[in-house]
1. Give me Leu205, Leu313 ranked fewest to most by other Cβ atoms within 10 Å of their Cβ, as a rough exposure proxy.
2. Provide, in order from the shortest bin, the percent of all Cα-Cα pairs of the chain in each 20 Å bin, continuing until the bin that contains the maximum pair distance.
3. Amide H of Gly280: which non-local residues (sequence gap of 5 or more, or other chain) have their own amide H closer than 5 Å, using H built in the peptide plane?
4. Please state the relative contact order of the chain as a whole percent: Cα pairs under 8 Å, 6+ residues apart?
5. Using the count of nearby Cβ atoms within 10 Å as a rough guide to exposure, how do Trp70, Trp48 rank from fewest to most?
6. Counting only C-alpha contacts under 8 Å and six or more residues apart, can you give the relative contact order of the stretch 1-60 as a whole percent?
7. Using amide H atoms built 1.01 Å from N in the peptide plane, name the residues 5+ places from His62, or on other chains, whose amide H lies under 5 Å from its own.
8. Stokes-Einstein diffusion coefficient for the stretch 40-193 at 10 °C in a medium of 1.306 mPa s, Rh from the Kirkwood formula over Cα pairs: what value in µm²/s?
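Bear in mind that the values in this text are calculations on the coordinates, not laboratory data. Note that this is a predicted model, so its numbers are computed, not measured. Counting neighbours? That spans all protein chains shown, and the Cβs are built from the backbone with ideal geometry, glycine included.
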Amino acid sequence: MSTPLRLAFILDPLDGLKAYKDSSIAMMREAVARGHETWTIQREALAWSATDGVYARALRVHPLPGDHPWYGPGEAATVALADFDAVVMRQDPPFDFEYVAATWLLERAVAAGARVFNDPRAIRDHSEKLAITEFAQFTATTLVARDPDEVHAFIDELGDVVLKPLDGMGGSQIFRVRADDPNRNVILETLTHEGARTIMAQRYLPAISEGDKRVLIIGGEVVPYALARIPKAGETRGNLAAGGRGVAMPLTEREREIAETLAPVLWERGLLVVGLDVIGGHLTEINVTSPTCFVEITTQSGFSVPALFVDKLEQACR
């Protein structure tokens, strides 16, 4: 677009980001290439006052081509979020109380006229694990429960399941448990905190050997390539953070059906960037906090995911 935008990205600590794979950096590089300003904000810098509304100490950055350092710092300023053309929330989980508090503050910024993506209320309302229950026609056999007896009965019925906490990320604390697993009691006790914490149990999908597919939806448009995150030998988790290998490939008919069904619904709620996890044609998660895989899909397929992101962000700012 002809008029440069002033964009703010709420990120994890800048020096810890890895430019060779970080989707947020890819977004900022594309934005700067088009003449837009990119500013960064640390979540702990968000504040509110009756006179200023929601504001934060922000640092303007100029993305560099390398990995270390990946940016050159520019001016620093305290800025009201409503003074940016758009604010992009890209903070990684854990989705703890401080994350929830940030969504409350961002919601007040929206009320004051700020454009925030993903919409803070939508982020708060969409548990990345539980959101699949709205689209049960696409899911594998799933149970959400806190009572260990319920989960044990589920394991006995299916024989081979995956257990995971509702607030994990990157494959953390995900267990494959068979009915005859001698450790199933202690695994369940650990995950449920002795029955005090709700967890998710899903039928184990052997298709994980072919990859846990990351399907991206940006501004209601489905990216035509998925990243199959293929587990390393001896592992049941495909997450890249757990050592999985990422391979970009065109969407299957089933993956496209799932994504195109969800795309208009999620975009209407203000979810600009969504990452679906699909295993063997079954929807397993809907990621809305900071979906990744932009770089891997772009590098391997030639389809520029960052360009689509900035296209949609520019359209949303018109």
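1. Leu205, Leu313
2. 32, 56, 12, 0
3. Lys213
4. 18 percent
5. Trp48, Trp70
6. Once normalised by length, the contact order is 38 percent.
7. Gly72, Gly74
8. Numbers: Rh = 18.8 Å.
In µm²/s, the coefficient is 84.
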